[in-house]
Amino acid sequence: MLPVTGVIVFIVLWWFAIRFFHIKPYIAPSPDAVAATLFNKRWILLQNLWPTAVEAICGFLLGNGMAIVVATVFVHSRTLERAFFPIMVLLNSVPVVAKAPILVLLLGNGLAPKIGIAAIVCFFPTLVNMARGLESVNPQALELMHVLSATRGEVFTRLRLPTAVPYLFSALKVAASTSVVGAIVGEWIGSQYGIGALIIQATYNFDSRLLYATVICGSVLSVLFFSIIRTAERVCARRYETRER
């Protein structure tokens with residue numbers, strides 16, 4: 001009930017600010033006006049929400065999958081880590097808004113650059129967390145695996161990977177929200193559909209009600225995606241506890 005109470009308090013404060021400060025509707029519409037827009041234009045919002053969701057999910061899977069593979073390679077090869085990790089830090093320091101036009105030039109104006117931007121946004125946080133999790137194994141347990149003549153594959157699957165799972169889910173929960181942000185930013189650069197394109201259209205048309213409604217839809221998508229990853233984390237934790245018993 002606490003999150004529901006927080007949302008209700010936020011809406012009341014929003015309504016009170018509109019009434020008390022006499023804010024013009026074209027600057028900040030009232031909550032009831034935004035709710036009416038959400039209902040009246042629900043089909044337009046859903047039609048534009050679907051491609052954004054597809055881009056975010058595909059980018060999430062691609063970016064995190066690549067991050068897990070690269071982190072695994074870095075853990076097993078310090079030379080590659082020292083050679084390429086600084087380059088990845090440098091690429092991550094470039095703002096997403098600056099990366100988007102480059103990907104559009106490279107990949108065209110279709111679905112690919114939006115997925116690519118979402119993947120890039122997810123990649124670095126998962127890479128750092130996954131590499132840290134794979135390296136944070138118990139030294140005594142690692143030494144025992146070597147004494148028992150365990151192969152690299154056995155050390156990875158039975159020791160490193162279970163240790164890295166909590167770190168991985170921490171990164172995935174962050175990536176769940178940032179993938180939606182990456183998809184929306186990608187849609188700002190030459191897209192005719194999606195939540196990002198609808199935000200641009202509402203802004204240029206001075207349609208503040210549609211703008212706020214679209215932002216709310218994007219936020220709901222992020223929260224829903226985050227909740228799915230959080231539920232998956234709890235399921236994995238319960239199964240792991242059952243195995244341990």
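The values are calculated or read from the model by the stated rules, or taken from the named source; none is laboratory data. Quantities reported herein were computed from a predicted structural model and do not represent experimental measurements. Ideal geometry is used to build each Cβ from the backbone, glycine not excepted, and the neighbour counts take in all protein chains shown. The area values use the complete protein model at the heavy-atom level, side chains included, leaving out ligands, DNA and RNA. Shrake-Rupley method; radii C 1.70, N 1.55, O 1.52, S 1.80 Å.
Would you count, across the chain, every pair of lysines whose alpha carbons are under 24 angstrom apart, provided the pair is eight or more residues apart or spans two chains?
Numbers: Lys24/Lys41; Lys99/Lys114; Lys99/Lys173; Lys114/Lys173.
Count of close lysine pairs: 4.
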Note to self: Rounded to the nearest percent, how much of the accessible area of the chain (1.4 Å probe, protein heavy atoms only) is carbon and sulfur?
What the structure shows: 70
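In what sequence, largest accessible area first, do Met130, Met66, Met145 appear using a 1.4 Å probe?
Working: Met130 0, Met66 95, Met145 35 Å².
Highest to lowest solvent-accessible surface, that is Met66, Met145, Met130.
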Item checked: For the chain: accessible area per residue (Å², 1.4 Å) -> 61
Notebook entry, point to check: Which of Gly133, Ile27, Cys58 sits farthest toward the positive end of the charge dipole of the chain, with +1 on the Cβ of Lys and Arg and -1 on the Cβ of Asp and Glu?
Noted result: Gly133
Note to self: Per DSSP helix of 4 or more residues, -39500 (n - 2.57); summed, then divided by the residues of the chain. What does that give at 222 nm, rounded to the nearest 500?
What the structure shows: -28500 deg cm²/dmol
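Could you give the length gained on full extension between Thr163 and Val223, defined as 0.36 nm per residue of separation minus the Cα-Cα distance, in nm?
Extra length available between Thr163 and Val223 comes to 18.9 nm.
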Note to self: As I understand it, the dipole of the chain uses +1 on the Cβ of Lys and Arg and -1 on the Cβ of Asp and Glu, about the Cα centre. Which of Leu90, Ile68, Leu106 lies farthest toward its positive end?
What the structure shows: Ile68
Check: Which entry in (i) 53, 46, 28; (ii) 73, 47, 30; (iii) 53, 39, 38 is this structure's computed Cα extents along the principal axes in Å?
Finding: (ii)
